[in-house]
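These notes concern the structure reproduced below.
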Amino acid sequence: MSDKGHSTKYEFKAEVKKLLDILVHSLYTSREIFLRELISNSSDALDKLRFESNRGTEIRDNDLPMEIKIEFDEKNKILTVADTGIGMTRDEVIANIGTIAKSGTEEFIKLVAETKADANNIIGKFGVGFYSVFMVGKEVIIQTCSFNKNEPAIEWRSDGLGDYEISELEEKIKRGTRIQIHLKDDAAEYAEKWKLEQTIKKHSNFISFPIYIGKEKINTIAAIWREPKSSITKEQYKEFYKFLSFDNEEPLDTIHKTVDAPIQFNALLFIPAKSYEFFWMDRENYGLDLYVRRVLIQHKNKDLLPEYLSFVKGVVDSEDLPLNISRETLQENVVFTKIASSVTTTILTHLLDKAKNDKEGFEKFWKEHSRIFKLGYSDFINHDKYTELIRFNSSTCKDKNELISLAEYVSRMDEDQKEIFYLSGPNRDSILDDPHLEIFKKKGLEVLFMYDPIDEFIVSSIRKYKEYDFKSVLSADLKKLEKFKDSHEETKKFDELSRDDEKHFSSLLSKMKLILGNRVVDVRESKRLVDSAACLVSENDEISAAMQKIMKMANQNVDEQKRIMEVNQDNALTRNLLKVYKTNADDEYIKQVTEQLYETSLLQEGNLDDPHALVRRLNQFLEDSSEWYCKVKNIS
């Protein structure tokens, strides 16, 4: 250290030199955040001045406006960041700017070396935020004047290489701090207006004090999430949403939340009117902007919300998080975890209220965002809220667009019903024609229709709603179903089989089992079919046919599950087949019809891998029937 009049030169310590070398050479990719750090420091200085003013302290240059000014000299590659804040004394300059020499420097160096973390995550965490300026500056000059009238103005300058110099300024300057940065050649863009404006709007757009580039105010959008809801108009919300999301439409819903205890944060959240999820593309492009005291810490933070709420846009601003918390420690921070949990609860509570009081509005939400929202089946913490919000079409709905909740389903259940029945299919018409549904129609039992492949994952994951288990109609217990009364009287289409015909029918089923071989577990008489000739059913609670199809599409190995083929005794085709069997048990027609019934059943549930044999057989039936028709009609 050497003294020259009022100027004092200080030598950087060895570890500080190493740190500066890291900042200058190793963290190049995040160098724009130096401006965020300087503006944050200026904002803090202005906050401190406001505090002193409010407590009645005498302030130097009390008529100065509270603002941050950015000036640039493109020709000489000079950038200046100035504020009219509290300023610093000589001792404060040594203490504040000298923070770099305090404990924590070695930890900072170690973190960078071990994790190869970038500056955006860690700069400022150890009090080295100001020194990020040396990523772009070859020389930095600070001129500062304390709000205290008795303190002289101070100048600090350094090239960030080996030493820094502090001196008293003889000329008078106004209160505040002015940082002049002589830019490196490869950082000359920071003396250009477009780059400065872009960086400020990205990181510091919601600083509460005005930021000027020259005479133009840059941060024109207010941080309305920190204002009382009663003072904000719908137009202001709409303007902010468009600024945030670049969406031309108004949001479907706006959620403005302020929490003071046990943690303090503000959240302004929006549910878009339209979903922009196309074929699951760009799934990583989501998240909420995380601010700490109006300073952007992370754009599109994905940990504030579970993925099934990723359609939500918005900002969260915390008072209790460190300004420069690193991305590595963010998830481990207890305060952050509580904020994330509270944000999720806030959204789900809003949706529950919407479902209760605005059914039409909730159906609009469901139509647009259900594809993503359904992913919440794995959120066990919010299980109860989630199950109250999911919606389905059902057999009692008037058309494919009507939706019901699980609560509505349960309210209509038969008093002896202990299960919630569901059936999967590509659309409403195909499910209504599904043979498995026939006994439920007969008994007047409501069935949930599941058109989306994820729907079965939902019910298999959440397992039950209140005390009611979910049950696929394919594996429903027929003995339980038969106990329910028929919803209406049906005209018997066929007479009861004689005892002799019963024996022959039993033999016919055995014959059909022999034809199908190990493709089925058994062929038996159906108690569930009313109109259809045959269907395939699962034994116990095996994976449903629809789920097998989904897993195959996902290239997952699925063991082939043998099914039971049920045959309806009271069906015209079955009765005619019985006649053929009684005449000739080995008639080729029996084999052809058995194969056709089996493959048609597979086709109906979407699991017929190769339809060629079915089509060829069907064409033969058509050809034969055309000849029979011509003979009957005497057509030559």
Quiz item: Which distance in Å, rounded to a whole number, links the C-alpha centroids of the stretch 359-380 and the stretch 250-320?
Solution: 17
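Lys138 to Asp358: FRET efficiency via 1/(1 + (r/R0)^6), r the Cβ-Cβ distance, R0 56 Å, to the nearest 0.05? Walk me through the numbers on the way to the answer.
Numbers: r = 60 Å, r/R0 = 1.08.
That gives a FRET efficiency of 0.40.
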Self-check item: Electrostatic dipole magnitude of the stretch 390-482 [Cβ: Lys, Arg +1; Asp, Glu -1; Cα centre; debye, to 20]
Solution: 140
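What stretch of the chain, leaving out the sites themselves, is the longest with no GluC sites (Glu not before Pro) in a DSSP loop having at most 11 other Cβ atoms within 10 Å?
Details: sites that count: Glu58, Glu170, Glu171, Glu284, Glu332, Glu415, Glu467, Glu489, Glu490, Glu496, Glu560.
The reported range is 172-283.
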Quiz item: Which of the chymotrypsin sites (Phe, Trp or Tyr not before Pro) found in the stretch 355-402 are in a DSSP loop and have at most 13 neighbouring Cβ atoms, other than their own, within 10 Å?
Solution: Phe380
Quiz item: Considering amide H positions built from the backbone, and no H for Pro or chain starts, which residues 5 or more places from Ala153, or on another chain, come under 5 Å of its amide H?
Solution: Leu169
Quiz item: Using the beta-carbon distance between Phe484 and Cys630 and R0 = 51 Å, what value does 1/(1 + (r/R0)^6) give for FRET efficiency, to the nearest 0.05?
Solution: 0.60
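Could you tally the net charge around Lys184, taking each other residue with its Cβ under 13 Å from the Cβ of Lys184, Lys/Arg +1 and Asp/Glu -1? Write down the numbers at each step before the final one.
Working: positive: Arg31, Lys77, Lys138; negative: Glu139, Asp159, Asp185, Asp186, Glu189.
With Lys, Arg at +1 and Asp, Glu at -1, the neighbours total -2.
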Self-check item: ³J(HN,Hα), Karplus 6.51/-1.76/1.60, whole Hz, each residue of the stretch 432-438, x for Gly, Pro
Solution: 4, 8, 5, x, 5, 7, 4
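By DSSP, what percent of the beta bridges with both residues in the stretch 390-482 are antiparallel, rounded to the nearest 5? Don't skip to the answer; put the middle values down first.
On the way: 6 of 14 bridges.
Percent antiparallel among DSSP bridges in the stretch 390-482 is about 45.
Fewest Cβ neighbours within 10 Å first, please rank His436, His182 accordingly.
Working: His436 28, His182 18.
Taking fewest neighbouring Cβ atoms as first place, the list is His182, His436.
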Quiz item: Under a straight-distance cross-link criterion of Cα-Cα below 26 Å, which lysines are reachable from Lys48, leaving out those fewer than 8 residues away in the same chain?
Solution: Lys69, Lys102, Lys125, Lys149, Lys172, Lys174, Lys201, Lys202, Lys215, Lys217
Self-check item: Separation of the Val530 and Lys398 label points, Cα + 7 Å toward Cβ, nm
Solution: 2.2
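What size of dipole, in debye to the nearest 20, comes out for the chain about its Cα centre when the only charges are +1 on Lys and Arg C-beta atoms and -1 on Asp and Glu C-beta atoms?
Values: 95 positive and 113 negative charges, 84 e Å.
The dipole magnitude comes to about 400 debye.
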Quiz item: Taking a 18 Å limit on the Cα-Cα distance, which of the listed pairs Lys511/Lys579; Lys442/Lys483; Lys302/Lys354; Lys257/Lys313; Lys77/Lys195; Lys359/Lys385 fall beyond it?
Solution: Lys302/Lys354
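How about the stretch 436-525: which trypsin sites (Lys or Arg not before Pro) there are in a DSSP loop, with at most 13 other Cβ atoms within 10 Å of their Cβ?
Numbers: sites: Lys441, Lys442, Lys443, Arg463, Lys464, Lys466, Lys471, Lys479, Lys480, Lys483, Lys485, Lys492, Lys493, Arg499, Lys503, Lys511, Lys513, Arg519, Arg524; in loops: Arg463, Lys466, Lys483, Lys485, Lys492, Lys493.
Filter output for the stretch 436-525: Arg463, Lys466, Lys483, Lys485, Lys492, Lys493.
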Self-check item: Whole-Hz couplings from phi, Karplus 6.51/-1.76/1.60, listed for the stretch 515-522; x for Gly and Pro
Solution: 5, 7, x, 7, 6, 10, 6, 6
Self-check item: Separation between Cα centres of the stretch 427-495 and the stretch 558-617, rounded to whole Å
Solution: 23
Exercise. Could you please rank Tyr308, Tyr629, Tyr451, placing first whichever residue has the fewest other Cβ atoms within 10 Å of its Cβ?
Key: Tyr629, Tyr451, Tyr308
Quiz item: Non-local amide H neighbours of Tyr291 (under 5 Å, H modeled in plane, Pro and chain starts lacking H): which ones?
Solution: Ile297, Val316, Asp317, Ser318
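May I ask you to derive the FRET efficiency for Arg50 and Tyr10 from their Cβ-Cβ distance with R0 = 41 Å, giving the value to the nearest 0.05? Walk me through the numbers on the way to the answer.
Working: r = 32 Å, r/R0 = 0.78.
That gives a FRET efficiency of 0.80.
May I ask you to compute the full-extension gain from Ser430 to Ser275, defined as 0.36 nm times their residue separation minus their alpha-carbon distance, rounded to one decimal in nm? Working shown, then result.
Details: separation 155, 0.36 × 155 = 55.80 nm, distance 2.70 nm.
Once the chain is fully extended between Ser430 and Ser275, it gains 53.1 nm.
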Quiz item: What ranking do Phe421, Phe34, Phe246 get, fewest neighbouring Cβ atoms within 10 angstrom at the top?
Solution: Phe246, Phe421, Phe34
Exercise. Determine the sum of side-chain charges near Leu321: Lys and Arg each +1, Asp and Glu each -1, restricted to other residues whose C-beta is under 11 angstrom from that of Leu321.
Key: -1
Quiz item: HN-Hα J couplings of the stretch 620-626 from phi, Karplus 6.51/-1.76/1.60, θ = phi - 60°, integer Hz, Gly and Pro as x?
Solution: 5, 4, 5, 5, 5, 5, 5
Quiz item: In the neighborhood of Asp399, defined by Cβ-to-Cβ distances under 12 Å, what is the net charge if each Lys or Arg adds +1 and each Asp or Glu adds -1?
Solution: +1
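Where a number appears in this text, it was derived from the coordinates with a stated rule and is not lab data. Keep in mind that what you see is a predicted model, and the values were worked out from it rather than measured. With ideal geometry, Cβ positions are generated from the backbone for all residues, glycine too; neighbour counts draw on all protein chains shown.
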